[in-house]
Amino acid sequence: MSSKLIALLLPALLLGPAALVQAHPAHQHDKAPKAEQHNHDHDHKHAHDHDHDDMTQLGAHVHGAATLTLVLEGNELQLALQSAAYNIVGFEHAPSNNEQRQEIALALDNLAQATWLTLSRDAHCEVQSADANTDLTEPGYTGHGDFYANISLLCQNPARLQQLELGLFSLTPALEKVEVQWVINGRQGAATATLNNNSIRF
């Protein structure tokens, strides 16, 4: 199952069929709620010209927060992370110098390594593939961008998958919380991970 499909289907799985109509692909990050306020001292300002107010919680662009979805089918586990770029590198404009380009490259490398998450050892899950990307390096990018990470794992004992620990907070100081949603072993749920409580039980 692709990460985009996960992003589209998970709200429907969690909230019911009506939510599928409002589900957006992960990269449509420019449709955040108009009520969202950005009060930061960084060196750029947002032009909020949003066309829609129907953004679901999944994929919302919020400073200090990220979303992580997990879907387990058989012994295949797919994870998809989305975070406002400010949380990851401290800015959201296109890189303007080598230092910023290096910061982005390092962040992408850290996300793609998938060392920022730990799953139940008894489940014996191994990373099969992982990648990360960001809007900041896309041609024609104008601001208000995100970082994305997509990780595919194979679990030898998926029935033992009961816990997730997130180490993202040590990598990204501006990140305050991660909204985690999952469909695992026929069960579904949601929880919030923070720096002081970074363990999620399924």
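The values are calculated or read from the model by the stated rules, or taken from the named source; none is laboratory data. Since this is a predicted model, take the numbers as computed values, not measurements. No Cβ is skipped: glycine too gets one built from the backbone with ideal geometry, and neighbour counts run over all protein chains shown. Only protein heavy atoms, including side chains, enter the accessible area calculation; ligands, DNA and RNA are left aside. Shrake-Rupley method; radii C 1.70, N 1.55, O 1.52, S 1.80 Å.
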Amide N of segment 174-202 lying under 15 Å from the label point, which is placed 7 angstrom from the Cα of Gln163 along Cα→Cβ: 197-202
Given points 7 Å out from each Cα along the Cα-Cβ axis, report the Gln113 to Arg101 separation in nanometres with one decimal. 2.2
Simple label model, 7 Å out from Cα along Cβ direction - Glu76 to Glu138, nm: 2.5
Specify which residue in the list Thr172, Ile200, Gln102 is farthest towards the positive end of the charge dipole of segment 65-202, using unit charges on the beta carbon of Lys, Arg (+1) and Asp, Glu (-1), about the Cα centre. Ile200
Stretched fully, the stretch from Gln128 through Gln156 gains (0.36 nm per residue minus C-alpha distance, one decimal, in nm) 8.8 nm
Please report the carbon-and-sulfur percent of the accessible area for segment 129-202; probe 1.4 Å, protein heavy atoms only, DNA, RNA and ligands left out. 45
At a Förster distance of 25 Å, what's the computed FRET efficiency of Arg201 paired with Glu176, Cβ-Cβ distance as r, to 0.05? 0.75
Segment 78-197 accessible area per residue, 1.4 Å probe, protein heavy atoms, integer Å², reads 48
